[in-house]
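Read through the structure below, which is laid out as structure tokens, and then see the notes.
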Amino acid sequence: MNESPILKVSHFYKQFGPGCDTCRNNPDSLEGNYCPKCKTVYACNDINLELYEGEILGVVGESGSGKSTLVQCLYFDKEPSHGEYTIVQHKDGNKNIFEETDQQKRMIRNTVLGMVYQNPYLGLKMNFSAISNIAEKLIAANHLNVEKMTTIGTNLLEKVNIPEYRMKDCPKNFSGGMQQRVQIAKALSNNPPILLLDEVTTGLDLSVQANVLDLIKQIQRESKVSMIVVSHDLGVIKMLADRTIVMLNGRIVEEGLTDQIMEDPQHPYTQQLVYSLL
């Protein structure tokens, strides 16, 4: 693993509402992540994180902790309020991507990042065939050779265990587990160095969850893609992540090697998460 991070986020904030002097100057005045005076919600509050080459970074926390908002901002689905975001593959990590043009962000989204959403309807066009969904991502990154795109799509769908006779079917006719596997194939189509996964097993049957998690581990072993995996389920994070960040009320309350956090949690909330697994 290289010593320098390939992705870095510094002093990142995402708030819903204007903020006021009370909550800006006195963070202790917040009730959780909410200011009772001006009604502002601080979904992400001074987040700092680093992702290293070939690493899986887990982000765990309860619903409303800010973890999904974080990855949605990293994939430019939401606008950040403030902060710095750099990726080595873009201008050698010397430019704050949040300040880039929409065109540059689209380019980064189409070539450097892959995203798998909790809700497949956000990541897939349900009325396009599975293989056309992959072609859409390839075309966005200026791949124009139809034969080559067909080969890439077929190979990826085989890799995620979509049988050949279903490749021209629409995802709306697939099970939840199959939809997630098509999403993973689509996210990987441009060989992105970084993959973002947001609650990808939520709502799936346990056996299907296990299959999807095994697939993610297999892909990571084979392609060495770096991943940020978001989940409310510490069991998922334990299975996948090398390092883990624990979020509560928009803040990071604990971070470290996943094994260390599992064996010796420090923060009361992390302790609660770990003990609920036992």
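The values are calculated or read from the model by the stated rules, or taken from the named source; none is laboratory data. It should be emphasised that the depicted structure is a prediction, and the values quoted were computed from it without experimental measurement. Quick reminder, even Gly has a Cβ in these numbers, built from the backbone with ideal geometry, and neighbours come from all protein chains shown.
Among the residues of segment 16-45, those that are out of contact with any Pro (no Cβ under 7 Å at 6 or more places or on another chain), over 16 Å from residue 63 (Cα atoms) and touching a residue at least 12 places away in the same chain (Cβ under 8 Å) comprise 16, 17, 18, 19, 20, 22, 23, 27, 30, 35, 37, 39. Checking each residue in segment 193-218 for being surrounded by 20 or more Cβ atoms within 10 Å (Cβ to Cβ) and hydrophobic (A, V, I, L, M, F, W, C) picks out 194, 195, 196, 197, 200, 212, 216. Reported count of residues in segment 35-69, each being part of a strand (DSSP E or B) and at negative phi, is 15.
So that you can scan it fast, the table gives a plain yes or no per residue for (1) touching a residue at least 60 places away in the same chain (Cβ under 8 Å); (2) of a type in the set (Ser, Thr, Tyr); (3) over 20 Å from residue 161 (Cα atoms):
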position: 208; (1), (2), (3): no, no, no
position: 213; (1), (2), (3): no, no, no
position: 248; (1), (2), (3): yes, no, yes
position: 267; (1), (2), (3): no, no, yes
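In this entry, residue 235 passes the filter for residues that are surrounded by 13 or more Cβ atoms within 10 Å (Cβ to Cβ) and out of contact with any strand residue (DSSP E or B) (no Cβ under 7 Å at 6 or more places or on another chain). Exactly one residue among 69, 86 is closer than 12 Å to residue 15 by Cβ, crowded, with 18+ Cβ neighbours inside 10 Å and among the β-branched types (Val, Ile, Thr), and that residue is 69. Check segment 127-147 and report whether any residue there is in contact with a Lys or Arg (Cβ under 6 Å, 6 or more places away or on another chain), within 30 Å of residue 238 (Cβ to Cβ) and at pLDDT 95 or above. Scanning segment 127-147 turns up no residue that is in contact with a Lys or Arg (Cβ under 6 Å, 6 or more places away or on another chain), within 30 Å of residue 238 (Cβ to Cβ) and at pLDDT 95 or above.
Just to be sure, is residue 13 buried (at least 17 other Cβ atoms within 10 Å of the Cβ), over 16 Å from residue 251 (Cα atoms) and in contact (Cβ under 8 Å) with a residue 60 or more places away in the chain? No; evaluated as a whole, the condition is false for this residue. One residue stands out in segment 197-227 among those that are small (Gly, Ala, Ser) and outside any helix (DSSP H, G or I): the one that is modelled with the lowest pLDDT, namely 203.
Looking across segment 24-35, the residues that are surrounded by fewer than 21 Cβ atoms within 10 Å (Cβ to Cβ) and in contact with a helix residue (DSSP H, G or I) (Cβ under 8 Å, 6 or more places away or on another chain) come down to 29, 30. Remark: residue 87 falls outside the filter, which requires a residue to be among the hydrophobic types (A, V, I, L, M, F, W, C) and under 23 Å from residue 234 (Cβ atoms). Looking only at segment 108-121, residues that are without any contact (Cβ under 8 Å) to a residue 12 or more places away in the chain and either touching a helix residue (DSSP H, G or I) at 6+ places or on another chain (Cβ under 9 Å) or within 20 Å of residue 161 (Cβ to Cβ) (or both) come to 1 in all.
Which of the residues that make up segment 228-257 are small (Gly, Ala, Ser), touching a Lys or Arg at 6+ places or on another chain (Cβ under 9 Å) and in a loop (DSSP other than H, G, I, E, B)? Residue satisfying the conditions is 250 alone. The combined condition, being modelled with pLDDT under 95 and either within 17 Å of the chain's Cα centre (by Cα) or among the hydroxyl-bearing types (Ser, Thr, Tyr) (or both), is not fulfilled by residue 231.
The conditions of being of a type in the set (A, V, I, L, M, F, W, C) and more than 25 Å from residue 177 (Cα to Cα) are not met by residue 116. Got a sec? Which of 78, 95, 105, 137 is in a helix (DSSP H, G or I) and either within 30 Å of residue 33 (Cα to Cα) or in contact (Cβ under 8 Å) with a residue 60 or more places away in the chain (or both)? On inspection, the qualifying residue turns out to be 105.
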